[in-house]
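Below is one structure, written out as structure tokens; the observations come after it.
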Amino acid sequence: MGTRNDLGLHLIFTSFFLLATTYTCLSVENTSIICFEQERLALLKFKHSVKDFSGMLSSWIGKDCCRWEGIQCDSLTGRVESLNLHFVVGNEVNSSLVELRHLNHLDLSENDFRGSRIPEFIGSFKQMTYLNLSNAGFRGIIPPHIGNLSNLKVLDLSLNYYLMSDDMSWTFGLLSLQHLNLSDVDLGGAKNMGMVLYNLPSLKELSLRGCGLSNLGPFLNSSRTLPNIKHLDLSFNSFTGPLPGFFQNLTSLTFLDLSNFDLSLAWNFADFLKMIPSLTELHMSHCELNKTFLSSPHLNLSTISNIQHLDLSDNSIGGIFPSILTNMTSLRFLYLSGNMLSSSVSTMPNLLELDLSNNRLTGPIPESLRRLRFLEVLDLSYNEFTGPIPTFFGKLSKLDLSFNQLNGSIPDFFGKLTDLTDLNLGSNQLRGAIPVSVGKLSKLHALDISYNSLEGVVSEAHFANLSMLKHLDTSYNTKLTFKVSREWIPPFQLVSFKIISCNIGSEFPQWLQNQRTLETLVLSNASISGPLPTWLREMPVIPFLDLSHNKLSGSLTNLPNGGNFYVSGYRVDRVLSLEDNLFNESIPRSLCRRTDLEILDLSRNRLTGKIPKCLQNLQQLFAMIFSTNQLSGFIPSFIAFNSSSLVWLQLNDNNFVGEVPRELGKLRNLSVLDLGDNNFSGNIPDWIGENLLSLMVLRLHKNHFTGKIPLSLCKCSKLHILDVAYNNLTGTIPACLGNLDAMASKLSESAHVYERVIQVIKGVDLEYTTTWDIVYNMDLSSNKLVGEIPVEITALSMLLGLNLSNNHLSGRIPENIGNMMRLESLDLSGNKLTGMIPSSMAALTFLSHLNLSHNNLWGRIPTGHQLQTLIDDPSIYAGNRDLCGPPLTKDCSKHEDQTTTITMPKKKYKQTDAPTKAWLKTWYYVDVTCGFATGFWGVIGLLLLMKQWRQKLFTFVEETIENIS
């Protein structure tokens, strides 16, 4: 009976439990877990502390933060457990995040926190298992508080180039840590570095790439086995000497990167490979290896038979292809780029990837490469292969044949490589039409056929099945024409489209309005005309937009402004280039919303009005280029608000007036300042030389500046170009200009942007684009400068051009002007220079433009060497009445006689003039004697004869002496 009662009670209890469980589960399904209000407010506070360029934070609205992008919550409690946030900019990590007490996963990589420190409060997240702060713009010392995260399994602080640690003992508390990445963190002076491996028992992966380490000694002091370490990256440090024996303790190591370790002195390299039989992936790029290290006497094939992935790129392996590599049957991935291989490649039938780029391979592409049946990736770029593109077999997914000398047409067989995702045929000599069969490559992701001589029509059929296409570059095929219907809707969504110097029709491509993921759009020199279409305004912002060198007109109000831009994960420069069009009206305020811009180029248009004040919002701006427009007014002082980033400022060839604002002196990183061809007035400011010490180009050409050339300019030691021509400057040329270091000996620094610098060299305006940073020029012409040419200037041996013409300079041309060996252009015309032309000028072997006209030079014109090439142009010496010799018609023999008599009295007279000389000398002495006698006795005689005069003279002398005393 008791048993039945117990059974009944058990059934009742079970039924009740099932009912309660069912009710609970149903309740959970029908009730959404909403995040805690305190955590929601903390996240909103963080949101308001940063700028979001990806639009990721646009979803951070509403009550339920668990539904926001990048946020994950616990499904039962609603507590925020995970935060993933990228592509934001802020001054620091807001402390509001400390409210997320249950956080176990934090990923703030790929952000910019502008050099702030890693916050100490991160050490309070006791449940944290994953922390990624890589490439986030942090600097300073790693806070030891991170060592409190005892549950942490993954820590990544890499790519924070100004981050450092002075003591690695903070890692000893991370007993659960399995993955540690400190690449590019400065650990050169860190204590306890050698014990990191031995105090982290769970560690499997350690990356110390580029950490400034110079000594492996700390790793050598223990014989303990490290069975867990599988991945070790010590690349790009400063290790020297033989490889250490501690690698034999790494019994499970499968990945090792020793790139940039100088192995040219590592005589025990073969023994080292025997230490690690488990190794399957080995990287040894930049190790100074040569072919002797890959010859059979040095390597036993059996010791490396397990290696599947071998990187020997950027070494000195030359000559024939190393035969030992062909016998490594386990090898699947081989990288030999950046060596000096010159022979054909042997057959390696098991390879999946092969990189032979940037070698010296010549002739046709070898047959052995075309029949690798398993090959998926082949890179033969930057070689000297010739002939037509051969037929490839196998399962190629990536093929790069760019930067060779291949000719003929693009073969039709490419349509049969159905696995192809990346095809690069750029920078060859290919001709003919693009085969329609390319349109069959349904997996194609990137296509580059730029810099060839392709021709014909590109139609919709070429893109029929390219639904996966993301990157397309057809630039510099000048005979290639795009012809698609206005109604065409492409099957793809491009991320990058470049079409420079091709023909796409006169109007803006209509089909682009359907492309919503563009990060890069370049339609330069594409014959487009007319106003920007209104639909363009509704498109998302395109980070890199280049519409330069067309005939686009109207206002700029229709630029893309329809929302945040697409982010693919790759860093794209933020550029807006509209140069060389016909845009007019004023700069629109809508442009000020592009706060992400780094380069803004509106040059060579017809823009009017003033620079809008709201451009001060462009805090990331690197280059502001507004030259050759019709802009007016004063230079606004707010430009200096970009003081931390602005490097290039070009406002030349406009209608700006007034003085240069002092606020520009805050732009301490400025390398190029071009204010030429405006109506500026006042003195050249002293603060230019005091504050702008990074200047490489200072161009104030053709304004109304007055006063002297300030001595402070001599402090701009990095100047390549100094152009203050066509002003009203007075005074002398400062001798200290000879101390401009960059003009005296080439410096390695460069601030190269893609823009141009205009200079008057060889008598004409020359426009330098990609080569401006190797141009050295000084132009002080067409002012009111006086005095002599300082001899110190001749120390500027890097100068290509020196123009001091049309001033009031006097004195002689410095004798050692021949020391300026690189001079190509020298113009000293229109001054008051005297004396003879220095003979050292004949040593200027590069001189191709010389103008010494309209001075007061005399004597024989030097001949020989480079001056002989200028003998056909007498105008370069015109206006110097006493010059003689070729190329002038004046005969020097007669001219020298006259000159000798008149201006050089120390020279001996001819013998026939001796009696005349003696007679003149006698009369000279007689005349002097008579004059002295007359003057002396005329005064003394009167005083002797006239007593009254004598008394008055003595009285006057006595009174004068008394007054003085």
Could you compute the FRET efficiency for Glu367 and Ser278, with r as their C-beta to C-beta distance and R0 at 51 Å, rounded to 0.05?
0.90
Please work out the FRET efficiency for the pair Thr706 and Phe638, using the Cβ-Cβ distance as r and a Förster radius of 22 Å; give the result to the nearest 0.05.
0.25
Enter the accessible area of Trp68 (Å², nearest 10), with the probe set to 1.4 Å and all protein chains included.
10 Å²
Which distance in nm do the two modelled labels at Arg662 and Ser343 give, with both placed 7 Å along the Cα-to-Cβ direction?
7.3 nm
What residues qualify as long-range amide H neighbours of Leu729, i.e. H under 5 Å apart, gap of 5 or more or another chain, H built at 1.01 Å from N?
Lys784
Per residue, how many Å² of accessible area does region 480-635 show with a 1.4 Å probe?
39 Å²
With a ≥ b ≥ c taken as the square roots of the eigenvalues of the C-alpha gyration tensor of region 59-114, please select rounded if a/c is under 1.5 and otherwise prolate if a/b is larger than b/c or oblate if it is not?
prolate
Once the whole set of protein chains is in place, how much accessible area is left on Val575, using a 1.4 Å probe, in Å² to the nearest 10?
10 Å²
Run the simple label-point estimate for Phe374 and Arg593 please: 7 Å along Cα→C-beta, distance reported in nm.
5.4 nm
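Can you check what the net charge comes to around Ser165, using other residues whose Cβ is under 13 Å from the Cβ of Ser165 (Lys, Arg +1; Asp, Glu -1)? Don't skip to the answer; put the middle values down first.
Numbers: positive: Arg117, Arg139, Lys191; negative: Asp166, Asp167, Asp184, Asp186.
In short, -1.
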Region 123-168 versus region 780-802: alpha-carbon centroid distance in Å:
56 Å
Please report the carbon-and-sulfur percent of the accessible area for region 682-748; probe 1.4 Å, protein heavy atoms only, DNA, RNA and ligands left out.
50 percent
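Sorted by accessible area (1.4 Å probe), largest first, how do Arg373, Arg516, Arg360 line up? Working shown, then result.
Values: Arg373 150, Arg516 110, Arg360 130 Å².
Descending accessible area places them as Arg373, Arg360, Arg516.
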Computing the accessible area with a 1.4 Å probe over protein heavy atoms, can you report the carbon and sulfur percentage for region 498-605?
44 percent
Summed over the other residues with a beta carbon less than 12 angstrom from that of Asn306, with K and R at +1 and D and E at -1, the charge totals +1
Positive minus negative residues near Trp60 (Lys, Arg vs Asp, Glu; Cβ under 10 Å)
+1
Integer Hz, Karplus 6.51/-1.76/1.60 couplings in order for region 857-872, x for Gly and Pro
6, 9, x, 6, 6, x, 10, x, 6, 5, 5, 5, 6, 9, 6, 8
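Ignoring ligands, DNA and RNA, what percent of the accessible area of region 374-483 is carbon or sulfur (1.4 Å)?
Values: 2460 of 4640 Å².
Roughly 53 percent, rounded to a whole number.
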Region 61-101 to region 660-683: how many Å between their Cα centroids?
45 Å
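The values are calculated or read from the model by the stated rules, or taken from the named source; none is laboratory data. All values reported here derive from a predicted model rather than from experimental measurement. Glycine also receives a Cβ, built like all others from the backbone with ideal geometry; neighbour counts cover every protein chain displayed. Accessible surface areas use protein heavy atoms only, side chains included; no ligands, DNA or RNA. Shrake-Rupley method; radii C 1.70, N 1.55, O 1.52, S 1.80 Å.
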